[in-house]
Amino acid sequence: MTKDTKNPPIDRVDGRMKVTGGARYFADFELPDMAYCVLVGSEIARGTISSLDTKKAQGAPGVLDVFTHQNMPPIPGWDAPVEGQADGPPPKPKTEETYRILSSPKILFDGQPIALVVADTYERATYAASLVKATYAKQVARTDLSKHVAEGVAPGRSGDYSRGKADAHQTAPVTLEANYTIPIEVHNPMELHGILAHWTGPDKLMIYAKTQGVNATQNAMAQAFKLDPKNIHVHTEFMGGGFGMGLRTWPQETAVVAIARKIGRPLKLVMNRSQMFTLVGHRPYTAQTIRMGADQTGKLVSISHAATAETARYEDFTEATVNMTKFMYACPNVSTRYRIVRLDRSVPIWMRGPGEATGAFALESAMDEMAHKLNLDPIEFRLRNYTETDPEHNRPYSSKHLKEAYQKGAEAIGWNNRKPQPGSLREGNWLIGYGMSTGVFNAFRWEASARALLKTDGSLTLQSAVTDIGPGTGTALTMIAHNVLGVPVDKIKVEYGDTSLPKAPSQGGSAIVSAVGSAVFDACTAIKQTLIELAVKEGGPLAGRQADDLAMADGILSVEKEPGKNVTVSELMQANNLTVIDRTKESKAGPDHQKYSMYSFSVHFVQVRVNPLTGVVRVAKAVSVADSGRIVSPKTAASQMIGGVAGGIGMALTEEAVIDHRFGRFVNNNFADYHVAVHADVPAIETIMIDKPDPIINPMGAKGMGEIALIGFAGAVANAVFNATGQRVRDLPITPDKLLRTV
Ligand code: MOS
């Protein structure tokens, strides 16, 4: 077949639309006769509503109705309770409580919707919502995981893991035991969450949603309203950030759809910022203990990793917090344990680098602590325990170039300048430290489909239902098609984010380039095969040539060894009376995938500056290296890594959703008090791509990158802070008070 064309770094194909306001997000859609709704949240974390006064709200200007547990229209698919989850399948183990929005006076968490006010404008709905008054029979709420770690229960579906000897830790020559915690973190993308529901017929529904998967929302609503999914049209072309919060349909979304049907008007919900902290999930507070043993030569003898995370009483949320420990290093004796504690809190959800970002902070901090005990360079310690095969499953990695990543990152950050003795590097009033950490995440390839249409004018249209939450999916798909068909990038159009297009998985798990990209690759390859067959067939313009001898670029099919011998794609199509070549392909992982462990790897390096008088930590330099297979779109890939670092700085230094446990309520549920890393916190970031194709995962050789951009970063900062100061902070975020406390 033809050779790969070059992989130029192109701008985002939707960039201009986004910066000029042309991109329409769910809340931008305005429909005739549309009504607006606003949620009223509970003021207690546990108990029962005793009285609910909605009269004033009902009488406020513009109010159409107020819905509470007393008059909420039924949601037919919820009649039969689905065990373990608030709003639908898959069934999970039985939980203590069932949460059905506006279905009972029972309160399970602070901020739980107790009323939904519908009015003719957003402002009037907001005002009327302030008039709803409730009284409660309050019960004592448990919201502080740190007080209940010992009460963790094993979730139904993830068992404890062990290999080797259980007591190896006790006999190891050098041992470490340390506890690490991460606080509640929230996604809080710029775009607020919500939904616009429009019943276009008695059984026909149009939804503009903030979802990471239009097909997933379609299915969830089909289940809730007992409809054929074909009758539900979901549109989410653009999303102003998701980070995991859009990976499920939330109860309030379903409620809006039910109420829209009841009032017979399109209904829009846009949640406010403080509701975003409570009603669309968060990264759970997690307490971890690592016990690690090594011998004097720096070989790991044992690792045990236990994690306990909070969840709601009404749903068991779990994530793969301890997974990395099972396979990251060559270590004969490993055990992991994962527990959840059900609290009077709203349910968590996946947040960028779900599980692994939490686990990597503990494991990679512990690796640094152990390296220090052994008097070894942290990279050298990792290399002494490097594994070329997956020790958890005893099978090869599909590809792993982590050694090269360590080396390239170390060079770029200037690792040679690091002093092994903490606190020994100073510039003026600032202590300087270097730290590094590894990140890893599964390289998935899910089933996906895509359609490609090549027209006589040489233009190509790609179609897939996949939504783009921000990483540049349209751009990556454009590059994949460009590399197969040689169509110039400005002649490629991508249509996505709509259930009318070929089915695709939700955008999450760093899987979309691999999944949807493969389907695009296959559809474009099918077009190319058709073109080649037309060209080389008897009587064709390139008759007699082999497919391997042909190259395709800029709309021209040419014979590589015969300069000047070529045919344009439009001539070829016209000669065969074709106005379009239209191919749809479904694509999924092959059976070969079972034989390999597939992961993307990253290494993060940072230089920090710590002011010993104020405890302020600045990340002065950051280098992130990705080993994520072939890079299909260099510019968006670099942006993806940069975004991960910005998130990682927040996770390391500032982000923490604080609960006042007397009330079970967040006290910093706003952007003034919940501190994300802003421009002044983020230094110039260098990204390095190993860019070596994975031979197994998919035809592009591309592995995912979204999660590894963040996973491990907070550990690198903690390790650098230790190197700068000799102070080990094991509880994120590393705020000045924690450093000053230990001086
Ligand atoms: Mo990501 S947490 O898979 O959106």
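Within the stretch 417-448, the set of residues being hydroxyl-bearing (Ser, Thr, Tyr) and buried (at least 24 other Cβ atoms within 10 Å of the Cβ) comprises Tyr434, Ser437, Thr438.
Out of Thr636, Thr584, Thr579, Thr614, one residue alone is closer than 20 Å to Arg445 by Cα, surrounded by fewer than 18 Cβ atoms within 10 Å (Cβ to Cβ) and at pLDDT 95 or above. It is Thr584. Do we find that Leu374 is hydrophobic (A, V, I, L, M, F, W, C) and in contact with a Gly (Cβ under 6 Å, 6 or more places away or on another chain) in this structure? Spelling it out, Leu374 is indeed hydrophobic (A, V, I, L, M, F, W, C) and in contact with a Gly (Cβ under 6 Å, 6 or more places away or on another chain).
Given the condition assigned to a strand (DSSP E or B) and farther than 30 Å from Val678 by Cα, answer yes or no: does some residue in the stretch 211-232 qualify? Yes, that holds for at least one residue. Strands (runs of 3 or more DSSP E) fully within the stretch 8-68 that include at least 2 residues being within 17 Å of Ile259 (Cβ to Cβ), modelled with pLDDT of 95 or more and over 35 Å from the mean Cα position of the chain (by Cα): 63-67. Residue count for the stretch 342-371 under the criterion of being in a strand (DSSP E or B) and surrounded by 24 or more Cβ atoms within 10 Å (Cβ to Cβ): the result is 1.
If you take the residues in the stretch 234-253 that are more than 11 Å from the ligand (Cβ to nearest atom) and of a type in the set (D, E, K, R), which one is nearest to Gly355 (Cα to Cα)? Looking at residues that are more than 11 Å from the ligand (Cβ to nearest atom) and of a type in the set (D, E, K, R), I get Glu253. Search the stretch 320-341 for residues being within 16 Å of the ligand (Cβ to nearest atom) and in contact (Cβ under 8 Å) with a residue 40 or more places away in the chain, and hand back the single one that is surrounded by the most Cβ atoms within 10 Å (Cβ to Cβ). Residue satisfying both the conditions and the ranking: Met324.
Looking at Ser514, is it away from the ligand (no atom under 16 Å from the Cβ) and buried (at least 19 other Cβ atoms within 10 Å of the Cβ)? Considered against the rule, which asks whether it is away from the ligand (no atom under 16 Å from the Cβ) and buried (at least 19 other Cβ atoms within 10 Å of the Cβ), Ser514 comes out as no.
Could you look through the stretch 189-210, keep only residues that are outside any strand (DSSP E or B) and within 16 Å of the ligand (Cβ to nearest atom), and pick out the one that is surrounded by the fewest Cβ atoms within 10 Å (Cβ to Cβ)? Checked the stretch 189-210; the qualifying residue surrounded by the fewest Cβ atoms within 10 Å (Cβ to Cβ) is Met190.
For every residue, the table says whether it meets (1) assigned to a helix (DSSP H, G or I); (2) basic (Lys, Arg); (3) within 23 Å of Gly629 (Cα to Cα).
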position: Ala452; (1), (2), (3): no, no, no
position: Leu462; (1), (2), (3): no, no, no
position: Val466; (1), (2), (3): no, no, yes
position: Gly474; (1), (2), (3): yes, no, yes
position: Pro502; (1), (2), (3): no, no, no
position: Val513; (1), (2), (3): yes, no, yes
position: Ala523; (1), (2), (3): yes, no, yes
position: Ile532; (1), (2), (3): yes, no, no
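Just to verify a result, which residue in the stretch 636-691, among those that are in a loop (DSSP other than H, G, I, E, B), among the small types (Gly, Ala, Ser) and out of contact with any Ser or Thr (no Cβ under 8 Å at 6 or more places or on another chain), is nearest to Leu145 (Cα to Cα)? This residue is Ala672.
List the pairs whose first member sits in the stretch 16-42 and is free of Cβ contacts under 8 Å to residues at least 12 places away in the same chain, whose second member is part of a loop (DSSP other than H, G, I, E, B) and surrounded by fewer than 11 Cβ atoms within 10 Å (Cβ to Cβ), and whose Cβ atoms are under 9 Å apart, counting only residues at least 6 apart or on separate chains? That search, which allows pairs on different chains as well, returns Arg16/Gly22; Asp28/Gly21. Looking at Pro354, Pro396, Pro348, which is the one that is more than 16 Å from the ligand (Cβ to nearest atom) and modelled with pLDDT of 95 or more? Only one candidate qualifies: Pro396. Counting only residues that are farther than 10 Å from Phe601 by Cα and of a type in the set (Asp, Glu), the stretch 697-715 holds 0 of them. Here the stretch 557-576 is the region considered, the condition is being aliphatic (A, V, I, L, M) and within 45 Å of the chain's Cα centre (by Cα), and the residue that is surrounded by the most Cβ atoms within 10 Å (Cβ to Cβ) is Val569. Being surrounded by fewer than 24 Cβ atoms within 10 Å (Cβ to Cβ) and away from the ligand (no atom under 16 Å from the Cβ) is a property that Phe317 lacks. Taken over the stretch 377-416, the residue count meeting the criterion of being more than 18 Å from Phe441 (Cβ to Cβ) and among the aromatic types (Phe, Trp, Tyr) is 3. Filter the stretch 400-415 down to the residues that are of a type in the set (Lys, Arg) and touching a strand residue (DSSP E or B) at 6+ places or on another chain (Cβ under 7 Å), then identify the one that is farthest from Ile432 (Cα to Cα). The selected residue is Lys400.
The values are calculated or read from the model by the stated rules, or taken from the named source; none is laboratory data. Just so we're clear, the structure is a prediction, and the values are computed from it rather than from any experiment. Neighbour counts run over all protein chains shown; Cβ positions are idealised from the backbone, glycine included.
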